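Visitor: This is the structure I want to talk about, given as structure tokens.
The values are calculated or read from the model by the stated rules, or taken from the named source; none is laboratory data. Nothing here was measured: the structure is a model prediction, and the numbers come from that model. For neighbour counting, all protein chains shown are included, and Cβ atoms are generated from backbone atoms with ideal geometry for every residue, glycine included. In case anyone asks, the SASA skips ligands and DNA or RNA and just uses the protein heavy atoms, side chains included. Shrake-Rupley method; radii C 1.70, N 1.55, O 1.52, S 1.80 Å.
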Amino acid sequence: MWWDERVSARFRRNLQPTLTYWSVFFSFGLCIAFLGPTLLDLRCQTQSSLSQITWVFFSQQFCLLLGSCLGGVFKRTLAQSLFALFASSLAISLVFAIIPLCHNVVVLAVVMAVAGLAMGCIDTISNMQLVKIYQKDSAIFLQALHFFVGFGALLSPLIADPFLSDTNCILSNSTANASRNLPHIRKSLLPHHPGNLSHYDLPMKGMVVTRVSYAFWIMALINLPVPIAVFFLLYKERMVPCLNGSSHPLLSADELALETRPVDKEELPTPAQRAQAAAGHDDLLSCCQSKNFRGASSTYLAVHVTGALVLFMTDGIVGEYSGFVYSYAVEEPLSVVHKVAGYLPSLFWAFITLGRLISIPVSYRMKPATMVFINVVGVLITFLLLLIFSSSVVFLFVGTASLGLFLSSTFPSMLAYTEDILQYQGCATTVLVTGAGIGEMVLQLLVGSIIHDRGSYSFLVCGMIFGCLAFTFYALLVFFHRMYPKPSAELDEASPAKAAVPDDTGQYQR
């Protein structure tokens, strides 16, 4: 295998939980990308206007952010984390099954809010648990985790596509005129953020003709093995009431020797870091309590903030680019044909998924800090070239693919880098996940309003500005990393402080 035997032994020891967390993130991806292409059929199902149905986007995104903030509440024990993941993944299957029964837009918005909460919990808890298990070796496993969200995001639109209405799905006297606008409107909704659709008039009353329910039921069945996998992990850990799971298998002699090697003195935490360990990876509200910062260095907070700001910008770029690249392409000066422009969001997400797949082996050979540097510089150069060749349709497609590749591994690499700086203490995972969620929601709204006021060219200008800010915040993070106090290498082997060192054996901790 292309990784060393120590990491391989750790992976084998934690095979079931690792695969379970990866599968749960597949649920996250499956749920995040279906809404855009199916929204017009859902509008017909609820017999609502376009302006009303687009509020469903907001309910999902807002509750996803809320779920990310609150996800840390369930991390206090392994049982709480697994029960939260079981409930969240099961809720996503139930949401898929219930959506065809929602004939009122308010009910649909509430159902999608539940899905958003479940997705937020999955996002925070899965990242936290993998970091806890693998710590300094977590980068490669985080890259794989985020590959699965991209895979799910690609799969759900493909499942939905055969069941989407080719013409307006509410039959009335104005159906013929409305149907001519349908392809343009549908592509404007990809992948999960609506553009300005208020000037389109589609009928709200008449006979509903749609087969999109079959797509949701298929996705519910595809997702059903995920909560089952989480349940089996609960059973194995003997956390299911009234049921006895199997005990942990014994390690082989070779695995035991690899996983219980002595901790290097240079990896030992300082007393201030050990004080921060009590707070650990907590929820956002607990992280912000002043008691968690007593005795911490001045750079402790700065590392959290700058790391979150980098992801605020990069995840915001993912949201705003995927949401508005189609609208940019069909406007002057490019004036791309609507059908051709509709491939741009799909191309963007395809290369994000491809980049995450490539990053799995690369992350083992390359440090997370180096990967983040390559990512932010690549984003800057891509936007600069997109501005220079703004009249080239060919380069728009090339730049879209390039941007997807460079943005693909930013989140897991930044998470691994920041956690490594903080010696896996503090609240990095919670703060970074929350910062990324806020950025994706806020920058989409900001860019949408700017494009409406200033024209389509401002779309690339905004991307360039966000890329510059991401690079600036990354440079500040590197600066604070150099200032951050190094772990003490002078602790005596027999001192009481030695007992406070976190277990680094790779065991699946309860």
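Visitor: Please list, ordered by chain and number, the residues whose modelled amide H lies under 5 Å from the amide H of V336; skip anything fewer than 5 residues away on the same chain.
Guide: V330, E331
Visitor: So, R0 is 25 Å and r is the distance between the beta-carbons of L19 and I374; what FRET efficiency does that work out to, to 0.05?
Guide: It comes to 0.30.
Visitor: Let me ask another. Between V106 and S298, how high is the FRET efficiency from 1/(1 + (r/R0)^6) when r is the Cβ-Cβ distance and R₀ = 51 Å? Nearest 0.05.
Guide: 0.60
Visitor: Can you sort Y417, Y343 by 1.4 Å-probe accessible area, starting with the largest?
Guide: Ranked list, largest accessible area first: Y343, Y417.
Visitor: Right, something else. When a/c reaches 1.5 or more, the comparison of a/b and b/c decides; with that in mind, is the stretch 297-485 rounded, prolate or oblate per its Cα gyration tensor?
Guide: It comes out prolate by the Cα gyration axes.
Visitor: Once you order the gyration tensor axes a ≥ b ≥ c over the Cα atoms, which shape class does the stretch 71-165 get: rounded for a/c under 1.5, otherwise prolate or oblate by comparing a/b with b/c?
Guide: Oblate, since a/c reaches 1.5 and b/c is not below a/b.
Visitor: Express in nm, to one decimal, how much length is gained between I465 and K136 on full extension, taking 0.36 nm for each residue of separation and deducting their alpha carbon distance.
Guide: 115.2 nm
Visitor: A follow-up question, please. Kindly sort W217, W55, W22 by accessible area of their heavy atoms, largest first, with the probe set to 1.4 Å.
Guide: Final ranking, largest accessible area leading: W55, W217, W22.
Visitor: Report the FRET efficiency, 1/(1 + (r/R0)^6), for L158 and H452, where r is their Cβ-Cβ distance and R0 is 35 Å, rounded to 0.05.
Guide: After rounding to 0.05, the efficiency reads 0.65.
Visitor: Specify whether the C-alpha gyration tensor of the stretch 394-475 places it in the rounded, prolate or oblate class, a ≥ b ≥ c being the square roots of the eigenvalues: rounded for a/c under 1.5, otherwise prolate if a/b is larger than b/c and oblate if not.
Guide: prolate
Visitor: Count charges around I438 for me, please; just the other residues with Cβ under 15 Å from its Cβ, Lys/Arg as +1, Asp/Glu as -1.
Guide: Within the 15 Å Cβ shell, the charges total -4.
Visitor: With the crude spin-label approximation of a point 7 Å out along Cα→Cβ, what separation in nm comes out for S335 versus R238?
Guide: Calculated label separation equals 7.3 nm.
Visitor: If ligands, DNA and RNA are left out, what is the accessible area of V107 with a 1.4 Å probe, given in Å² to the nearest 10?
Guide: Roughly 70 Å² of V107 is accessible to a 1.4 Å probe.
Visitor: Please work out how much length the chain gains when fully extended from V398 to W217, using 0.36 nm per residue of separation minus the C-alpha to C-alpha distance, in nm with one decimal.
Guide: Gain in length upon complete extension: 61.6 nm.
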